[in-house]
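Values quoted throughout were computed directly from the atomic coordinates according to the rules given, and no laboratory measurement underlies them. Keep in mind the model is a prediction, meaning the values are calculated, not measured. FYI the Cβ positions are ideal-geometry reconstructions off the backbone, even for glycines, and counts take in every protein chain you see.
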Amino acid sequence: MAISYNSGTLKSSDITASTSNPDSLGQAPDRRRLYNFGDRVAELAPEESPFFVYLSKVAKSPTDDSMFRYLENRNKINWTDRSFQMANAPGTVVAGTSYSFSVDQDSTSSVDWLLKGMVFIVQSVDRTGDAGIGHVIVRVESAVSDTGSTSSFTGKVIDLSNSNVTGYNSIIANDVCQVIGTSFEEGSGSPDVFSTELEDGFGYTQIFKTAAEMTNTAYATKYRGYADEWSRIWADKLREHKVDIERAMLFGQKARTGGIQYTEGIAGHILKNVNPIVNSDDFSYSSGSSYYRSIALGELTYDRLLSDLEVIFDPARGGSSDKLVLCSLPVITHFNKLGADGFIDSSIGHSASPFRQNMSSRDGAFGHSIMVIDTIHGRLNLVKEPLFRGIAAGFMLMADMSQVAYRPLVGNGINRDTQVMTNVQSADEDLRKDMILTEAGLEVTLSESHALYNLEHN
């Protein structure tokens, strides 16, 4: 059923079909009718709720259970990185000789993936001169034994390089090792096997309700300004409902209490699973943790941001190379100040910098103005988020839209996505009451693909 708009106001007649012809628009509202509103509520004033609009248009995944489950795959991290740190090592080594090694799991993530036949290098740096670097090549000769805080194995030293480097023939505690592949003898059998389980999580749908009510006397009265007062109230209530969903999808925390479910918002998820960074420290990776930085607005230079993006966009983390960046008004203003001492100039020194060519303003597909910043690591699509105000006035949230999903409840032939229920007043009430209802939740996966900045400003 089509929805028509008149001067920006949705009329009650536009959402109620005539009794004689259900496929047409009519003036006579039906009693107790339910109208699927679906994505159309997102199209009202899209600049007021950009995150909900994007979720509705590009990240919708219905669920048939109010407690929905999802899986996360971090295997890419395991096979992309595959480095570890020595705990105990033999010291001086000789090529062709086997030694006992142990890995410190307090400073290194699990090395369950380290298998017999893998080859790794141990790099040595000459701190006494300029002779360069050298490394020792080692092959794992036994299965890895987990002893609690450490993992132990036997390895054979295969080769030593660059004898000009002090310590070229030694392996000591805290040395960093990097797997460089596998090596097996001719005619050998199949190697040992390692696999990881997918990680699972869950979320809740939340029931959102907004009602519009008017006495039948008022409904029949012609007012100044809006001849149809119901149309004005109804349009406002639709937008109110949409903004309520936006707030929950931003700030909500996952919970269930007293029979009421609460969904998790993207900012709420980040703050709950945060990997906090203070001052000018570099971002570091922690599995299952999002990135968070609190910094003065004027201290976020292009150079600082680019260093952060190196970590946020790391392909090993499983996210995409394209982020939706929701910005408060002061933050988006900061990025658009390209004059002297502005964001770009404070970073690279002059207004003629070619970096300016990587910044552009565009009209988005869903009714937004977008500021696009293309970097060597990925693309940032900056959009104003009007709900980032008050305690969130300094927020800049980088959401990886490939790792979020809008989960409306749809099952058994019933669609609980945004819908309108007309005439829900009691039978003896002399009034008109309609209700907007949405039951949906937000799914957030791969926390490390998202980031939140709190940019302090005066």
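Data overview
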{"item": "For LEU238, LEU442, order by how many other beta-carbon atoms lie within 10 Å, fewest first", "result": "LEU238, LEU442"}
{"item": "Backbone HN-Hα couplings from phi across the range 310-325 [Karplus 6.51/-1.76/1.60, Hz, Gly and Pro as x]", "result": "4, 7, 4, 8, 3, x, 5, 8, x, x, 9, 9, 9, 10, 8, 10"}
{"item": "Residue-by-residue Karplus 3J(HN,Hα) for the range 391-402, coefficients 6.51, -1.76, 1.60, Hz, glycine and proline x", "result": "5, 9, 5, x, 6, 9, 10, 9, 10, 8, 5, 6"}
{"item": "For the range 364-419, size of Cβ-based charge dipole, Lys and Arg +1, Asp and Glu -1, in debye", "result": "140 debye"}
{"item": "HIS135 long-range amide H proximity, modeled H, under 5 Å", "result": "SER124, SER161"}
{"item": "Cβ-based exposure ranking for HIS457, HIS377, in which fewest neighbours within 10 Å come first", "result": "HIS457, HIS377"}
{"item": "ASP322 long-range amide H proximity, modeled H, under 5 Å", "result": "ARG379"}
{"item": "Approximate spin-label separation TYR99-SER152, in nm, with each point projected 7 Å along Cα-to-Cβ", "result": "1.6 nm"}
{"item": "Amide H contacts under 5 Å for ALA89, placed H, 5+ residues apart", "result": "ALA173"}
{"item": "Extension reserve of the THR80-ASP200 stretch, reckoned as 0.36 nm per residue once the Cα distance is removed", "result": "41.1 nm"}
{"item": "Net length gained if the chain between ASP428 and ASN216 were fully extended (0.36 nm per residue, minus Cα distance)", "result": "75.1 nm"}
{"item": "Estimated translational D of the range 384-458 in µm²/s (Stokes, Kirkwood radius over Cα pairs; 20 °C; 1.002 mPa s)", "result": "132 µm²/s"}
